[in-house]
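Participant: Take a look at the following structure, please.
The values are calculated or read from the model by the stated rules, or taken from the named source; none is laboratory data. What you see is a predicted model; the values in this text were computed from it and never measured. Using ideal geometry, Cβ is built from the backbone for each residue, glycine included, and neighbour counts are taken over all protein chains shown.
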């Protein structure tokens, strides 16, 4: 156990986490130079394209240290987005230390801080690493000051590296061995293993990634998942060396995998504790909680004939994403579909993109919503995450919506415009910290509904990319809510409705009308778009018809071609949503929330 | 262009093989630079009684932009020549929406055309199609195509102008000095009456069948030489396709569409009401007839009924 180190790399997005992981792996020659590809731990297309990590990955790195001893270092790569902060916290709970990566020119950012706090909560040894020192814009001295002032860490202990150029990699290995303590634990105690990830494999079922705290586990053991009580017989245990490498047993301190005939990842809970059926641990490891979705949206097939195919795709998708929840939904405008719950907007986008790309589905997603809480006059409380189920306004005694605490890190010069943005988004209780010269941390309490859509994009554009943002959900607060309906040629389109704050309703309605005007192509007739609360119209826009759609010539040899074109267009028509003789494209249903039209 | 000999063979063969009604419309299409006194005489001698001339413009700048071989002077001389040889039924083709064209130059072309009192005028909007040299120029921003607004304005203006001078706007791009000058063979296409096309790529139609000949001249001739009909493909229309074609073609002409065809489907009633309200069609003698504004939308309206 003394020769094991369990660590993670934490960083603000784009500070070079995946590149450093690549270098560490290359250094240990786990993979042939020829077979190496960048972002090696990010196996999904979407991860590689966006340069983000969605799923945790683990790799066991063999290392011969300068002190002459052989070590096994477990790198647990974690997702880098607030949507997945619970997964991150479980991965961190499996480590004894972290490399805190800071970009040598960008310096400390909001996620750097959030990540640091998360690591500190788990009492981890923190090794600051300044990355990208090869860049001409690198300012190591300033970043050291930030590490000292803003993070409160010993700047002299910071390592310098360029993951891209492979500079300083050996120092990092040595620091991991020297500074991060070996895992503690007792092989003779009953088994406790923390599940920090689970992945679906169509041949082997669920592959559980875990950290063994006490005891040991081997093939043939009967294990129990403590939160569900479900029992399974262990088929294989092993470690990750980019490929799965079976081992005789996993013992206290180790990080590895367990395959035990668990059908889907939904049968496991991240953060749950695995123990032995025969000799169970008295209590589970701390920190387990059920992950609850916070953002909701409906998914409909573009063509209603494809409902069954969508249902099957969702079922398959769910095998490997326990965080997605869904149930049947239906809309007058869009027909049969599913109401889905997501961990956040990135999670929503990932699900959307993977359904389209990996499962070949053509889908319409409605504007995302949060879960509202209404107390009705009979005293009952209803949770509503779908505007279609907004209660009768006459019956509502109290409306509440979820609030977040947002931490926004910006250079001082952007304080004015960012404050303005936060106030527009109904931010309250603002506080300001000055973690270092010229830098400000703004803290705001804001309704979640105001940040789920495009807040981060707006923040980025206002601060020219220098602003960073992190949040946690705090509580529900009373709010004056109304349901905003959108009418197309006088007909209400239920899938475009949204629940909004009364004071923001007009503004939202105006912007929704403008967005729809851009999204819906001109048609043969004039199209009226209206925003309404109850029966009252509060905003409108008009799409003028086009005026010319005819070819100049149509003689004997043109007729067949022309008719065929019409027949082709007719097929395309089936893929549009027609409301009151207006054809509404897919994109319009999502665009209704877009606010960046100003 | 066919030479004198070709024309003789063609016309003699047609008259030998088919019964030709007296007073039948026999049209030849020609470009002004193809016309000379000998040819005109040949046309006349062999019973050709209608001449359709691809004048396109009377503005030399526009003609050279369109890469035409003739000048406006040659165009005028060709018309005069034809008239002097007794051609009563002359059709003039003009093109508008040429990049660089102004209301003035277009007007000039129209007026010049009218000065010859042609029986028929076709005014085509220049269409810049994918894969053409014009499209390349367009993508390189070296020419500026007409905006929709400008094209619509030229079109409406043209229609009004010609109607004011006694022409009937009987099809999207076609005007005639009176019903007897309507292009008879073109009307057969729009009315879905039988027609027979000879030559490479020509389309023919009878009852529910439409077929078309091999496109390449060589393939066409090889097939004939082997005694095989040079037909490339044939389609037999379903009832649904026939209905779609009648609407699509009917909406291009002043005849419009029989309300019976529209009333056959309940959903169409609502569309028809919208069309009436928008001023795209009018009801005349149990038919939905396009207005001039409606001509411009003929394809879009046919799409609604698809």
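Participant: Just for the range A:521-536: of the residues that are touching a helix residue (DSSP H, G or I) at 6+ places or on another chain (Cβ under 9 Å) and more than 30 Å from residue A:305 (Cβ to Cβ), which one is nearest to the other protein chains (Cβ to nearest Cβ)?
Facilitator: Within the range A:521-536, the match that is nearest to the other protein chains (Cβ to nearest Cβ) is A:530.
Residue-by-condition table, conditions (1) within 13 Å of another protein chain (Cβ to nearest Cβ); (2) touching a residue at least 24 places away in the same chain (Cβ under 8 Å):
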{"site": "B:156", "(1), (2)": "yes, yes"}
{"site": "B:167", "(1), (2)": "no, yes"}
{"site": "B:170", "(1), (2)": "no, yes"}
{"site": "B:183", "(1), (2)": "yes, yes"}
{"site": "B:186", "(1), (2)": "yes, no"}
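Participant: Being part of a loop (DSSP other than H, G, I, E, B) and over 11 Å from residue A:250 (Cβ atoms) is the filter here; which residues of the range A:205-238 pass it?
Facilitator: A:220, A:226, A:227, A:228, A:229, A:230, A:235, listed by residue number.
Participant: Would you be able to tell me the number of residues in the range A:293-340 that are under 21 Å from residue A:268 (Cα atoms), touching a strand residue (DSSP E or B) at 6+ places or on another chain (Cβ under 8 Å) and not in a strand (DSSP E or B)?
Facilitator: Total satisfying the criteria: 9.
Participant: While we're looking at this one, here's another question. For residue A:283, state whether it is free of Cβ contacts under 8 Å to residues at least 12 places away in the same chain, surrounded by fewer than 17 Cβ atoms within 10 Å (Cβ to Cβ) and touching a strand residue (DSSP E or B) at 6+ places or on another chain (Cβ under 9 Å).
Facilitator: For residue A:283, the condition - free of Cβ contacts under 8 Å to residues at least 12 places away in the same chain, surrounded by fewer than 17 Cβ atoms within 10 Å (Cβ to Cβ) and touching a strand residue (DSSP E or B) at 6+ places or on another chain (Cβ under 9 Å) - is met.
Participant: Separate question: Please state which one of A:588, A:539 is more than 14 Å from chain B (Cβ to nearest Cβ) and without any contact (Cβ under 8 Å) to a residue 40 or more places away in the chain.
Facilitator: Exactly one of A:588, A:539 is more than 14 Å from chain B (Cβ to nearest Cβ) and without any contact (Cβ under 8 Å) to a residue 40 or more places away in the chain, namely A:539.
Participant: Does residue A:338 qualify as being at pLDDT 95 or above and under 30 Å from residue A:303 (Cβ atoms)?
Facilitator: Against the criterion (at pLDDT 95 or above and under 30 Å from residue A:303 (Cβ atoms)), residue A:338 qualifies.
Participant: From the list A:261, A:253, which one is part of a loop (DSSP other than H, G, I, E, B) and surrounded by 20 or more Cβ atoms within 10 Å (Cβ to Cβ)?
Facilitator: Result: A:253 is the single residue among A:261, A:253 that is part of a loop (DSSP other than H, G, I, E, B) and surrounded by 20 or more Cβ atoms within 10 Å (Cβ to Cβ).
Okay, residues lined up against (1) in contact with a strand residue (DSSP E or B) (Cβ under 8 Å, 6 or more places away or on another chain); (2) in a helix (DSSP H, G or I); (3) at pLDDT below 95:
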{"position": "B:98", "(1), (2), (3)": "no, no, no"}
{"position": "B:110", "(1), (2), (3)": "yes, yes, no"}
{"position": "B:117", "(1), (2), (3)": "no, no, no"}
{"position": "B:150", "(1), (2), (3)": "no, yes, no"}
{"position": "B:155", "(1), (2), (3)": "yes, yes, no"}
{"position": "B:160", "(1), (2), (3)": "no, yes, no"}
{"position": "B:169", "(1), (2), (3)": "yes, no, no"}
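Participant: If residue B:245 satisfies all but one of (1) out of contact with any strand residue (DSSP E or B) (no Cβ under 9 Å at 6 or more places or on another chain); (2) in a helix (DSSP H, G or I); (3) more than 14 Å from chain A (Cβ to nearest Cβ), what's the number of the condition it fails?
Facilitator: (3)
Participant: While we're on this one: Would you confirm, using the coordinates I've provided, whether residue A:482 is in contact with a strand residue (DSSP E or B) (Cβ under 6 Å, 6 or more places away or on another chain) and touching a residue at least 12 places away in the same chain (Cβ under 8 Å)?
Facilitator: yes
Participant: Looking at the range A:409-444 only, could you name the residues that are free of Cβ contacts under 8 Å to residues at least 24 places away in the same chain and in contact with a strand residue (DSSP E or B) (Cβ under 8 Å, 6 or more places away or on another chain)?
Facilitator: A:419, A:427, A:428, A:429, A:430, A:431, A:432, A:433, A:434
Participant: With the checklist (1) touching a helix residue (DSSP H, G or I) at 6+ places or on another chain (Cβ under 9 Å); (2) surrounded by 11 or more Cβ atoms within 10 Å (Cβ to Cβ) in hand, flag the one item residue B:284 doesn't pass.
Facilitator: (1)
Participant: Next question. Kindly indicate the residue of the range B:275-306 that is over 13 Å from residue B:248 (Cα atoms) and within 24 Å of the chain's Cα centre (by Cα) and also farthest from the other protein chains (Cβ to nearest Cβ) among those meeting that condition.
Facilitator: Result: B:287.
Participant: Can you tell me how many residues within the range A:562-578 are surrounded by 13 or more Cβ atoms within 10 Å (Cβ to Cβ), more than 8 Å from every other protein chain (Cβ to nearest Cβ) and more than 19 Å from residue A:306 (Cα to Cα)?
Facilitator: So the count comes out to 1.
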